[in-house]
Structure formats: C-alpha cells, structure tokens
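Read through the structure below, which is laid out as structure tokens, and then see the notes.
Each value in this text was obtained by applying a stated rule to the coordinates, not by laboratory testing. These numbers were taken from a predicted model, which means no experiment stands behind them. FYI the Cβ positions are ideal-geometry reconstructions off the backbone, even for glycines, and counts take in every protein chain you see.
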Amino acid sequence: MTVIVTAVFTPKDGAFDAVASALAPAIAEVHKEPGCELYAIHEAPNGQIVMIEKWDSAELLDAHGAGEAVARLNASLEGLLQEPVDVTRLTPMPAGTAHQGEL
C-alpha cells in the first residue's frame, strides 16, 4: 500500500539556504531508491521547508529511513534546525478522479 510522508524542516534564523543546500544531494540520491515515487521539497510561507514523499510501501519507506542517504542528510543538517524534523506518515484516502484524488 502506498505511503505518503510529510517532513517539515524548521531552519534556524539565517540557515534556510544551508538547509535547502543540505537537502538537494539527498533528494537526487533518494530518487534512485527502490519504492520512491516522489521526494520533493517546497518552501512554506513561514520559512519552513516541507518535504512531500510517496513510497510504494511502508517496508520500502522503512528501508529508506534506515539507509545511508538519510544518515548523511541528518549529519549535514546538524546544527541548522531550530527543532527536530516533524515527520508524519499518511495513508491515502482516494476520492474523486483517479488522477486528482490521490497523491
């Protein structure tokens, strides 16, 4: 079953660009991982960076979370975040059209 994840990064004052730069190489690396359908970052109006992910299964997401790319990303974010990353796993509830009603 598909799993959607949001991960909200709250940079320290003046660290937005450094956090975005730390995320960029991880994104390219994770795009190659099995089960990764979507791994993208977005700038929120409040200065946070929101990552939206889509995985083929919880098992592949778990493997990603235990993988080297995440370990490297966490190390590169050391000292740049105001608070821990807020990660939420979501289960799709399809509605409407197949194309528009499910991420």
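Couple of notes before you dig in:
- Using only side-chain charges placed at the Cβ, +1 for Lys and Arg and -1 for Asp and Glu, the dipole size of the chain relative to its Cα centre rounds to 80 debye.
- Inter-centroid distance (Cα atoms) of segment 20-41 relative to segment 50-103, Å: 10 Å
- Tensor-based shape of segment 3-90 (alpha-carbon gyration tensor, a/c under 1.5 rounded, otherwise prolate or oblate): prolate
- Sites matching trypsin sites (Lys or Arg not before Pro) across segment 1-91 that sit in DSSP coil, with at most 11 neighbouring C-beta atoms within 10 Å: K32
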